[in-house]
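**Student:** First, the structure itself, so that you have it in front of you.
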Amino acid sequence: MPAPKPQKQNYRNFFSRMAGKLSNAKKPKWFIKGVIKLWKKKYKIDLSEYVIPPNGFKTFNSFFTRNLKPGTRPISNGLVSPVDGFIFDFGKITGDNKIYVKFKHYYVDDLICDEYENMSSYAVLYLSPANYHRVHAAFDMEITDISYLPGTLRPVKPKVVYKKDRVYCRNERIVIHGKSEFGKFYMILVGALFVGKTKLSFDSGLQTNIKKGVASKRIYDTPIIIRKGDEVGYFEMGSSVILFMDDDRLANIKLPLNSPVSVGTNLA
């Protein structure tokens, strides 16, 4: 059976590309400073945890993708949260390779769009506009391949995922596949409306949300090694991360649904 095909782009991708361009604009300075100030106030963002350039943030995007100060996020033992955000859902993958996210079902092969290795458990983590938007390794990662799956860019905030079917399957995403001390894994970085780009720190050549994007896969002759807590990539606006593991570890997360988590928080 052939792997499912990624979704086509639409007007949301165009608007997201435009938003990406605007967020990288350096002028007018007064306007950029005003937008950043309003964003900080609206989402109650405390910048004391972050590295602030000597002359301040020159673009909205540089503010949004801001870096943490070293040591701000202690890394716990075991499998840890790769992001600052919320535990949106988790559980066991069913015998027919389905997961359930807020009562909506998704087939694993629809999310990965490739021949895949059977997984046993999953977790979905949601990043709100207020959160830090860099993604870190939840464990020592040995990345063997990645896939870029173009698609539309619907919002992924909770009320949309509750109402709309197959949001994660329709949206553009990057699938990271590899091995860890806990077994094999997939990490899926899901794009969202107004996400200008999703970037990988270990593969700067991958371009996302481009006009007429084509699905692609990269297999690394030498696996990419990323240590637990180190950066994997970042979103240029809010989104979600989906983790699949080949054991039941993620089905046994002890924190309740909707619990806030930070990079380095023990999950399992």
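Every read-out reported here was derived from the displayed coordinates using simple, explicitly stated rules and does not represent laboratory data. Just so we're clear, the structure is a prediction, and the values are computed from it rather than from any experiment. Quick reminder, even Gly has a Cβ in these numbers, built from the backbone with ideal geometry, and neighbours come from all protein chains shown.
**Student:** Find how much the distance from Val160 to Ser48 grows on full extension, using 0.36 nm per residue of separation minus their present alpha carbon separation; answer in nm with one decimal. Before the final figure, lay out the partial values.
**Tutor:** Numbers: separation 112, 0.36 × 112 = 40.32 nm, distance 3.18 nm.
That pair, Val160 and Ser48, stretches by 37.1 nm at full extension.
**Student:** Evaluate the charge dipole of the chain about its Cα centre and quote only its size in Debye, nearest 20, assuming +1 on the Cβ of each Lys and Arg and -1 on the Cβ of each Asp and Glu.
**Tutor:** 1980
**Student:** Which angle between 0 and 90 degrees, to the nearest 10, do you get for helix 11-23 versus the longest principal axis of the chain when only C-alpha atoms count?
**Tutor:** On a 0 to 90 degree scale, this one is about 40.
**Student:** Return one number: the angle in degrees, 0 to 90 and rounded to the nearest 10, between the long axis of the Cα atoms of helix 29-43 and the longest principal axis of the Cα atoms of the chain.
**Tutor:** Result, in degrees: 50.
**Student:** From the residues Val51, Phe31, Val214, which one has its Cα farthest along the dipole of the chain in the positive direction, the dipole being from +1 and -1 charges on Cβ of Lys/Arg and Asp/Glu about the Cα centre?
**Tutor:** Phe31
**Student:** Taking the Cα atoms of the chain alone, what are Rg (to one decimal) and Dmax (as a whole number) in Å?
**Tutor:** 17.8, 56
**Student:** Further question: Tell me which lysines have Cα within less than 16 Å of Lys58's Cα, excluding those fewer than 8 residues away on the same chain?
**Tutor:** Lys21, Lys26, Lys27, Lys29, Lys33, Lys37, Lys40
**Student:** As an exercise, use a Förster radius of 45 Å and the Cβ-Cβ distance of Tyr107 and Asn24 to find the FRET efficiency, rounded to the nearest 0.05.
**Tutor:** Using R0 = 45 Å, I get an efficiency of 0.80.
**Student:** Between Leu257 and Asn97, what is the FRET efficiency for a Förster distance of 25 Å, r being their Cβ-Cβ separation, to the nearest 0.05? Numbers along the way, then the final one.
**Tutor:** On the way: r = 22 Å, r/R0 = 0.88.
My answer for the efficiency is 0.70.
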